[in-house]
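Each reported figure results from applying straightforward, stated rules to the coordinates on display, with no laboratory input. Keep in mind it's a predicted model, so treat the numbers as computed, not measured. Every residue, glycine as well, gets a Cβ built from its backbone with ideal geometry; the counts of neighbours run over all protein chains shown.
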Amino acid sequence: MYQVMLEETGESFQCNEAESALKALARSGKRGIPVGCRGGGCGVCKVKVVSGEYSQTVMSRAHVSKEDEANREVLACCIYPRSNLLLRVIGKLQHVVRR
Amino acid sequence: MALTGVLRPGHAQIRVLDMAAATKFYGDVLGLVETGRDKQGRVYYKCWDERDHNSLVLRQADQAGLDFFAFKVLDKATLEKFDADLKAYGLKTERIPAGDMLETGERVRFELPSGHLIELYAEKTQVGNGLPNLNPPPWDLKNSERGIAPVRMDHCLMYGPNIDQNKKIFMEVLGFYLVERVFMPKGGPAGEAAIWLSCGHKSHDVAFVVHEQPGKLHHVSFWLNSWEKTLRAGDIMSMNEVPIDIGPTRHGITRGETIYAFDPSGNRFETFAGGYQPYPDWIPTDWEFESLGPGLDYPQRKLHESFLTVLT
Ligand code: FES
Ligand SMILES: [Fe+2]
C-alpha cells in the first residue's frame with residue numbers, strides 16, 4: 001500500500017499497486033481529481049507526477065503526447081503506484097455550451 | 001408507417017486503445033456476437049437479435065473516439081439518390097468500395113458540419129439472429145442471455161459545433177424528423193443546445209449536443225427490452241468493474257431507461273430501454289437548458305457534470 005498525495009489540497013489516500021490512482025481516490029470517498037471515463041480516453045483526470053514512481057497503461061494520444069509522458073504528465077486513471085506519489089492536478093473539465 | 005429512405009443506424013466504428021481489453025469487454029461483458037476480423041485487424045460485432053453481419057466495428061488506435069457512424073438505406077437506388085441529394089445540398093461525398101468492411105456493400109461517406117463522418121449504405125449480408133427462420137423460439141441460450149446481451153445497436157449521441165446545420169441535413173436531405181430538443185441557456189445566443197432526431201418510429205436514431213470541439217463521441221447506445229434488463233446490465237457492469245457514469249435511471253428527454261458507462265478505452269456506451277414511439281407529424285418536445293438536469297436524469301434532477309465534459 002502506498003500513499004498518494006494531492007499537492008493543491010494536501011489530501012492523501014491509500015493506493016495499492018494493482019489499482020489506478022484515480023480508482024483509489026474514488027474508493028477513498030475523497031475528491032480532488034476530476035473523474036471521467038477511467039479508461040485513459042477522455043483526459044479529464046490529467047495529473048503531473050511531481051514525485052514518486054509508477055507504472056502505466058495505455059493512454060489516449062489526444063490527451064497525453066510523448067512529451068507529456070516524458071514530462072510525467074499522465075492520466076490518473078492509467079497510473080499505478082510503485083512508491084508514494086505526489087500529484088498536481090492539471091486536467092480541466094471543458095465548458096461545452098457557449099454562454 | 002412505410003419505412004423508406006434511411007432505415008436505421010447500421011454501424012459505428014470505434015477506436016480502442018487496447019484491442020485485447022476491448023474484445024474481452026465487448027464480447028464477454030456487453031455480450032455482443034463477434035462476426036469477424038479483417039486484414040486491418042478490425043473486429044466486427046453484432047447484437048444478438050440483429051440480422052445484418054455487423055453493427056459495431058473496433059479499430060485499434062492511439063486515441064479513443066468514433067471513426068464514423070452509418071445508416072442503412074432501403075436499397076441501392078435510394079443510396080444513389082441520397083448521394084446526389086447530398087451533393088446538390090453542397091456536401092462533398094466519398095465512395096468507399098464494397099468489401100472495405102466485411103460483408104458490407106458500397107458506402108457513401110460525408111462529413112457533417114459538426115466534424116463527424118456519416119456513412120450510408122444499402123447492402124450488408126444478412127447472417128440472421130441465430131434463430132431458425134421457420135417456427136423460431138423467442139430467444140436462444142447461446143447469445144440472448146450471455147453478458148448484457150443488448151438486442152440492437154440503437155443510436156449515437158455526438159458532440160460538436162454547428163448542430164443547427166446538422167439538423168438541416170438530417171431533416172431536409174435524409175428525411176429525419178425532430179423529436180426533442182434543448183434550447184440554449186437563457187441570456188445567451190438563441191438556438192438549440194441539443195437535438196434528438198428520428199428516421200422511423202424510435203425516440204431517436206441520432207442525437208447531437210453543441211460543443212466547441214468537432215467530431216466528439218458522447219455515446220453509442222445499445223437497446224434492451226426492459227427496465228429489468230437495464231438493472232441486470234447494471235449488475236453485470238458492477239460484477240466486471242465496468243466504470244458507470246450515470247444510472248441506472250430514467251432520462252426525462254426521450255423517457256428512456258438508461259445506464260451510461262465506459263468501455264476500457266474510455267468510450268461511453270449506453271444500455272437503453274423504454275422511451276416512447278413518436279410519429280413524424282408530432283410537434284417536437286422542448287426543454288429549457290435550465291431543465292437539462294431532469295432531462296438527463298429525471299429522478300435525481302441532476303445535471304451530472306460528466307454529461308457535458310467527458311467525451312472521446
Ligand atoms: S478519467 Fe478519462 S482519461 Fe482518466
Ligand atoms: Fe442515448
Low-density loop cleavage sites - GluC sites (Glu not before Pro) in segment B:189-245, where at most 14 other Cβ are within 10 Å (DSSP): B:E212, B:E241
If you take each beta carbon of peptide B:17-27 and count the beta carbons of other chains within 10 angstrom, what is the mean? 2
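Sort B:280-293, B:29-42, B:6-19 for me by packing, meaning the mean count of neighbouring Cβ atoms within 10 Å per residue, highest on top. Intermediate results must be reported in sequence, preceding the final value.
On the way: B:280-293: 14.6, B:29-42: 17.1, B:6-19: 22.1.
So the order, starting with the most tightly packed, is B:6-19, B:29-42, B:280-293.
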Under 5 Å, built H, 5+ apart or other chain: amide partners of B:T312: B:L217, B:R268
Past 25 Å, Cα to Cα: identify those pairs from B:K72/B:K202; B:K24/B:K229; B:K46/B:K202; A:K23/B:K142, in the order given. A:K23/B:K142
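In debye, nearest 20, what is the charge dipole magnitude of chain B about its Cα centre with +1 on Lys and Arg Cβ and -1 on Asp and Glu Cβ, if you could check? Show your work: numbers first, answer last.
On the way: 34 positive and 42 negative charges, 53 e Å.
So the magnitude is around 260 debye.
Let me have the 222 nm mean residue ellipticity of chain A computed from DSSP H runs of 4+ only, each contributing -39500 (n - 2.57), with the sum over all residues rounded to the nearest 500.
Values: 2 runs with 13 residues, N = 99.
Taking each H run of at least 4 residues, the total per residue is -3000 deg cm²/dmol.
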Step through the table entries A:K46/B:K216; A:K30/B:K186; B:K92/B:K168, compare each Cα-Cα distance with 24 Å, and write down the pairs that go over it. A:K30/B:K186
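With a/c under 1.5 counting as rounded, go ahead and sort chain B into rounded, prolate or oblate using the C-alpha gyration tensor (a ≥ b ≥ c being the square roots of the eigenvalues; past the cut-off, prolate if a/b is larger than b/c, else oblate). Walk me through the numbers on the way to the answer.
Details: a/c = 1.39, a/b = 1.07, b/c = 1.30.
The shape class here is rounded.
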Peptide B:304-312 - average C-beta neighbours from other chains (10 Å radius): 6
Candidates B:G256, B:G266, B:G128; GNM for chain B (alpha-carbon contacts under 10 Å) flags as most fluctuating B:G128
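I'd like the mean, over residues of A:39-51, of how many other protein chain beta carbons sit within 10 Å of each residue's own Cβ. Write out the running numbers ahead of the final one.
On the way: counts 17, 8, 17, 14, 6, 6, 2, 0, 0, 0, 0, 0, 0.
Mean partner shielding for this stretch: 5.
For chain B, what is the calculated [θ] at 222 nm in deg cm²/dmol (nearest 500), taking -39500 (n - 2.57) for each run of four or more DSSP H residues and dividing by its residue count?
Values: 6 runs with 48 residues, N = 312.
Rounded to the nearest 500, the figure is -4000 deg cm²/dmol.
Please sort B:84-93, A:31-40, B:70-79 by packing, taking for each peptide the average over its residues of neighbouring beta carbons within 10 angstrom, highest first. Can you show the working numbers first?
Working: B:84-93: 13.4, A:31-40: 24.3, B:70-79: 18.3.
So the peptides B:84-93, A:31-40, B:70-79, ranked by packing, come out A:31-40, B:70-79, B:84-93.
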Output the antiparallel fraction of DSSP beta bridges having both residues in the protein assembly as shown, as a percent to the nearest 5. 75 percent
Loop-located trypsin sites (Lys or Arg not before Pro) in segment B:109-173 whose Cβ has at most 13 other Cβ within 10 Å (DSSP): B:K142
